[in-house]
Amino acid sequence: MKKQLCLETAALKGCRLQKEKEGYTVCGERGKMSLTFAPFDEETARAFQQADALVLDLTSRVSACEAIFVRFAEADGRTLEMNTMLFPGQKVRAVFRLKWLDGSLLFPPLNPGTLKTCVSGQGLEKDRIVSLTVGFLPGRQDQRRFDLADVFLTDEAIEFPKAAETTVGALGQWKQKEWPGKMPSEEAMKDFLQGEWAKELPPLPGRNRFGGCTERRFEATGFFRVQKENGRWYLADPDGCAFYSTGVFGVTPGEAGWIRGVEDKMDDLPDPRGPFAPAYELAEENELYRRKFSGMFPKDTLLYAPATANLIRAFGGEWYDRWRGLTARRLRAWGINTLSMFSDPEFIRRSKMPYVIMLKGYPATRRMLYRDFPDVYAEEYEEGCRRFAAQLTAYRDDPLLIGYFVTNEPEWLMHDNVNLAERLLAADGCRASKQAFADHLKKRYGTVEALNVAWETDLSSFDDLLSPLRRDSWPEAAQKDFEVFHSVLVERYGRVISDALRSEDPHHLNLGMRYSHASEKTLCGPLNYFDVFSFNCYGSEPATAAAQMAKGANLPMVVGEWHIGAKESGLDSWGLYHTGTQSQRAEALRYYLEQSTQEPHLTGVHYFEYSDQPYLGRFDGECYQIGLIDVCNRPYPLAAEAFRRFAERMYPLLDGQEQPEARPVPLQNLWQTVN
């Protein structure tokens, strides 16, 4: 079955539709553009129920990555949105699987030709959907054009178009663009890297073996710990020196990228069985991939790191030792003192730098409550927490380990309006948590009759709560009960696992859940079990968000992730926040770093990430120009200098002996300009 949607009947917003020889052109300005098909006619409604996917054949005529979205709506106004990123100038088949409508999958697996895909919304029921909207998120150019050849529903197997030309050169660079610093040839890259290897890069003075400040001392315990003095939180290193954690995520020889189905876009992909074998890895052996996509692709699916291949080209069989030595010198010279998550384990061991880890395999239960939130009252959750904690045994006596993130960006929290107690009521399964909720309500109301009056229900007993119970809306009393038990669930979620971790390793800091953003939702639950509250913070500075969080959490804090890219260099997507030039980027980096010292709860900020992402996307399709080095292992010198200039003044800034100097730089993202 293939049912085409008639574009000429769609309601347009923010755009114009022009008929072409093949399909249509959608034109508009920088803002959101959309075409809405509503309400479904009888034939479309029938096809929608039969279909497995909505498919769009299109080409972006914009010179940078742009995001296309599809929004589905029920009659009561509830919506769910799927969006994906498009390469510029390439014919793309964008596929939106209708099984994603349940909202259980935040980041669906990649399709050839598109980049990172995201699903936002609480989940819809397919048979209640009455309309859909196809559109383009606000973009990065004043005038935008998209060639839309076809939009259709289908239940058939989907084939993807072959690339008309290659877009990635042998060194992993974008072929169709020139920019300052682009490596002109393999020989030029070899000369550059061998010259870098021979350079002297002196580390910062006045620092001890951990990178701590020798001029401010606390009690030494042999491990990293937190210390509050004169209203400010500090980290103290094992020797007792004050330590501000300036970290970088993903210090590896090269980030592995997605190549399955896009091999025809690349020049000279090397043989994975020869000398370039270290540039490849099985996707299932990549921890980040496993967290999102394990089992969704064949077991022999490979990822490829062009940056690693470039090191092999430059240094031959000595490539790893040369990379390790050069990278350690660079990081120390730039004032970076912490290896953040997913850095190369051998590099961590041999560099002797402080580091943090992300624990692997957060405990799951047979039936999950919502996305990655488990049935936290189930015995299998408690057993899983004990097994999970056992991985700390190998680290418990290591003084270089600052601490551990318990998990990374919990996906159940990436929709602010989700209430776990309401989701629990509607769930099929999760019996242990359902029983705990029923017992909680029985204690509160005493009788089911009292509950029925408050909730406007007709339950025959509290046991009825163990079966799925869904309503489009709930009375105020029920909503208040949901809020209370939501916090109870989140508290147990964090407490059980934190107790198990502390029992296994009493020495190192529990750095929390590394939330994707700071919000009131992150303040409920397990804060008392964390040593440090961690959250990601994108924008021009983190002090404002940290101060807001401090109103509900008097804990030391660390920013687990932030970045700023620049439009002029190398890729066609520049991160969540970016500037126009590398010079502006350097000033923006320094402003962010300096401002971080002005909030007394912040004890560190970890930059995401060490190297640019692959042009065709990493395992999940991110392809940002955000690194401190590019795909040819060439540093962005102004960015590196920004980190060093900050590090030279970092501790006087913390103690108020000096004041910030960098000026704010307007940043851009997909939606707006921020100051």
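The figures follow:
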| read-out | value |
| --- | --- |
| Selection from the range 133-146 of residues that are open to solvent by 30 Å² or more (accessible area, probe 1.4 Å) and in a strand (DSSP E or B) | Q143, R145 |
| From S583, S569, residue being of a type outside the set (V, I, T), part of a loop (DSSP other than H, G, I, E, B), on the phi < 0 side of the Ramachandran plot and out of contact with any Cys (no Cβ under 8 Å at 6 or more places or on another chain) | S569 |
| Looking only at the range 327-350, and only at residues there that are within 20 Å of A256 (Cα to Cα) and in a helix (DSSP H, G or I), the one that is most open to solvent (accessible area, probe 1.4 Å) | P345 |
| So Q122, is it of a type in the set (S, T, N, Q), open to solvent by 20 Å² or more (accessible area, probe 1.4 Å) and over 30 Å from Q18 (Cβ atoms) | yes |
| Qualifying positions in the range 429-474 - surrounded by 14 or more Cβ atoms within 10 Å (Cβ to Cβ) and hydroxyl-bearing (S, T, Y) | S433, Y445, T457 |
| Residue identified as over 26 Å from G403 (Cβ atoms), open to solvent by less than 10 Å² (accessible area, probe 1.4 Å) and either of a type in the set (S, T, N, Q) or in contact with a Pro (Cβ under 8 Å, 6 or more places away or on another chain) (or both) among T603, T579 | T579 |
| Scan of the range 151-179 for residues that are in a strand (DSSP E or B) and open to solvent by 20 Å² or more (accessible area, probe 1.4 Å), ordered by number | W174 |
| Evaluation of E165 against (1) out of contact with any Ser or Thr (no Cβ under 6 Å at 6 or more places or on another chain); (2) at pLDDT 95 or above (one fails), failing number | (2) |
| Count - residues of the range 531-554 that are assigned to a loop (DSSP other than H, G, I, E, B) and surrounded by fewer than 21 Cβ atoms within 10 Å (Cβ to Cβ) | 7 |
| Considering residues of the range 13-67 that are over 26 Å from L616 (Cβ atoms) and of a type in the set (G, A, S) only, the residue surrounded by the fewest Cβ atoms within 10 Å (Cβ to Cβ) | A38 |
| Neighbours by Cβ (under 6 Å, 6+ apart or cross-chain): first from the range 94-105, farther than 25 Å from D147 by Cβ; second open to solvent by 40 Å² or more (accessible area, probe 1.4 Å) and in a helix (DSSP H, G or I) | L101/K126 |
| Where a residue in the range 393-412 is closer than 30 Å to K521 by Cβ and part of a strand (DSSP E or B) and its partner, wherever it lies, is open to solvent by less than 40 Å² (accessible area, probe 1.4 Å) and not hydrophobic (A, V, I, L, M, F, W, C), with Cβ under 6 Å and at least six apart | L401/H508; I402/P354; G403/H508; F405/R514 |
| Every residue from the range 509-541 that is among the polar types (S, T, N, Q) and within 27 Å of R590 (Cα to Cα) | S516, S519, S534, N536, S540 |
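The values are calculated or read from the model by the stated rules, or taken from the named source; none is laboratory data. Since this is a predicted model, take the numbers as computed values, not measurements. Note that we place each Cβ from the backbone using ideal geometry, even for glycine, and neighbour counts take in every protein chain shown. Accessible surface areas use protein heavy atoms only, side chains included; no ligands, DNA or RNA. Shrake-Rupley method; radii C 1.70, N 1.55, O 1.52, S 1.80 Å.
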